[in-house]
Amino acid sequence: MMIEYIIPFAVALIVSFFSSPIAKKIAVRLNAIDVPKDERRIHKKPVALMGGVAVIIGFAVSILYTFLVYEPENTANWFSGLPTMKVVGFLVGLVIVVVMGIIDDIHPLTSKVKFPIQLIAAAVVVLSGTQIKFITVSVSDIRYIPVNEILSIILSILWIAGITNAVNLIDGLDGLAAGVSGIAALSLFVVSVMMTPDIHIVFAILYVALAGSIMGFLPYNFNPAKIFLGSTGAYFLGFVFAVISIEGATKAYTALTMIVSLIALGFPIFDMLFAIIRRTMNRKPIGEGDRGHIHHRLVDMGISPKFSVIILYVVSGALGLISILLANKGLLPAIILVVIISVFVVAGARYLSEIIGSRQQDMNQKDAEKESTEHKEKPAINQ
């Protein structure tokens with residue numbers, strides 16, 4: 001019955017929507033304001049941070065209502081395959097990340113401070129039992145090999161810390177991180193619904209509640225934004241995605257779930273890896289911000305911030321569709337879809353490039369005509 005998913009989505013959306021103005025007031029009172037003081041920031045006016053508080057409240061209220069009020073008789077069965085230690089570890093790690101995010105929004109922390117804290121939060125989750133147990137060796141028939149305990153711990157900690165940062169890195173345009181996260185959550189919700197074990201009902205509810213809380217916040221965050229996710233929201237979303245993807249893969253007893261999560265979160269993951277490579281090649285600290293992210297490059301090409309966000313929504317939606325198709329129909333249909341989408345992406349990119357080039361040429365011509373007119377008028381004025 002889809003009603004068991006509609007209820008948590010609706011509750012999360014409503015609570016998040018009405019919590020967003022409250023989160024803004026709290027941010028203003030705590031002076032958690034993002035002031036545009038460098039070229040990386042696209043917005044022109046100060047904007048409140050800590051919008052993630054509204055997302056967290058919406059998500060938390062929805063989950064508590066669903067499991068304790070709406071479906072109390074089924075909750076015990078759903079959680080029967082999930083050890084209490086894992087739940088506690090997840091909650092403790094989440095609190096660490098969220099508190100760090102709140103502090104960072106109020107008094108910005110350096111990456112040298114934040115990354116060790118993220119590793120600690122990830123370690124808490126991993127040592128409580130949530131670990132990557134296998135590595136894919138063949139995508140065609142989804143075969144995998146188990147990994148030893150030490151390698152499992154290292155990979156799991158790096159995965160959680162990496163995804164946590166990946167969402168934060170794309171939070172550079174109004175509505176970008178929230179919208180992309182919402183699309184990923186909905187995609188992974190669909191994948192979870194297609195899984196048969198009862199434990200996947202839990203993951204489906206978590207994903208749909210997450211999507212609802214993001215959608216409730218998005219009207220305040222889309223261009224022009226009234227409030228930003230801030231580190232509070234970006235780290236919260238990344239952390240939740242990372243942990244659920246590991247646990248979902250473990251319970252599915254297949255590498256498929258991990259691969260699907262990797263594809264659904266493809267845009268932030270690619271942008272993060274590209275940033276690491278770029279900064280390493282330029283001999284800059286990995287934690288030092290720059291204007292080389294994909295969304296910055298689109299804006300620098302002459303595309304408006306709002307349209308840049310829409311383009312990246314489409315890309316994220318395509319990746320989400322590919323992840324769903326891979327989970328439901330297998331590798332071949334997913335590859336065919338990738339080829340089809342790639343053709344349209346290349347064609348669209350060329351079309352955009354031509355439009356931008358033509359617009360830039362017109363602007364240059366107008367500037368030249370203006371300069372020529374001003375140059376001709378100067379002698380007349382002097383006479």
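Tabulated results
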{"quantity": "Every residue from region 183-196 that is of a type outside the set (A, V, I, L, M, F, W, C) and buried (at least 24 other Cβ atoms within 10 Å of the Cβ)", "calculated": "Ser187, Ser192"}
{"quantity": "One residue from Met281, Met363, Met301 being among the aliphatic types (A, V, I, L, M), out of contact with any Pro (no Cβ under 8 Å at 6 or more places or on another chain), loosely packed, with under 13 Cβ neighbours inside 10 Å and modelled with pLDDT of 65 or more", "calculated": "Met281"}
{"quantity": "Region 81-106 residues that are in contact (Cβ under 8 Å) with a residue 60 or more places away in the chain, paired with ones that are buried (at least 21 other Cβ atoms within 10 Å of the Cβ) and among the basic types (Lys, Arg) (beta carbon under 7 Å, 6 or more apart)", "calculated": "Met100/Lys114; Asp104/Lys114"}
{"quantity": "Any hit, region 77-92, residues being modelled with pLDDT of 95 or more, surrounded by 13 or more Cβ atoms within 10 Å (Cβ to Cβ) and part of a helix (DSSP H, G or I)", "calculated": "yes"}
{"quantity": "Condition check for Val315: in contact with a Ser or Thr (Cβ under 6 Å, 6 or more places away or on another chain) and either modelled with pLDDT of 80 or more or crowded, with 20+ Cβ neighbours inside 10 Å (or both)", "calculated": "no"}
{"quantity": "Residue within region 296-306 that is charged (D, E, K, R), touching a Leu at 6+ places or on another chain (Cβ under 9 Å) and under 18 Å from Ser187 (Cβ atoms) present", "calculated": "no"}
{"quantity": "Test: Leu237 is under 20 Å from Gly93 (Cα atoms) and either in contact with a Lys or Arg (Cβ under 6 Å, 6 or more places away or on another chain) or modelled with pLDDT of 90 or more (or both)", "calculated": "yes"}
{"quantity": "Unique match (being touching a helix residue (DSSP H, G or I) at 6+ places or on another chain (Cβ under 9 Å), at pLDDT below 85 and surrounded by fewer than 24 Cβ atoms within 10 Å (Cβ to Cβ)) among Ile153, Ile157, Ile142, Ile244", "calculated": "Ile142"}
{"quantity": "Looking only at region 190-206, and only at residues there that are part of a helix (DSSP H, G or I) and over 19 Å from Tyr70 (Cα atoms), the one that is modelled with the lowest pLDDT", "calculated": "Met194"}
{"quantity": "Residue within region 207-220 that is modelled with pLDDT under 80 and not basic (Lys, Arg) present", "calculated": "no"}
{"quantity": "Yes/no for Phe270 being under 13 Å from the mean Cα position of the chain (by Cα), surrounded by fewer than 16 Cβ atoms within 10 Å (Cβ to Cβ) and not β-branched (Val, Ile, Thr)", "calculated": "yes"}
{"quantity": "Residue ID - nearest to Glu288 (Cα to Cα), chosen from residues in region 94-130 that are at pLDDT below 90 and in contact with an Asp or Glu (Cβ under 8 Å, 6 or more places away or on another chain)", "calculated": "Ser111"}
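The values are calculated or read from the model by the stated rules, or taken from the named source; none is laboratory data. Here the structure is a predicted model, which is why all the values come from computation and not from measurement. Quick reminder, even Gly has a Cβ in these numbers, built from the backbone with ideal geometry, and neighbours come from all protein chains shown.
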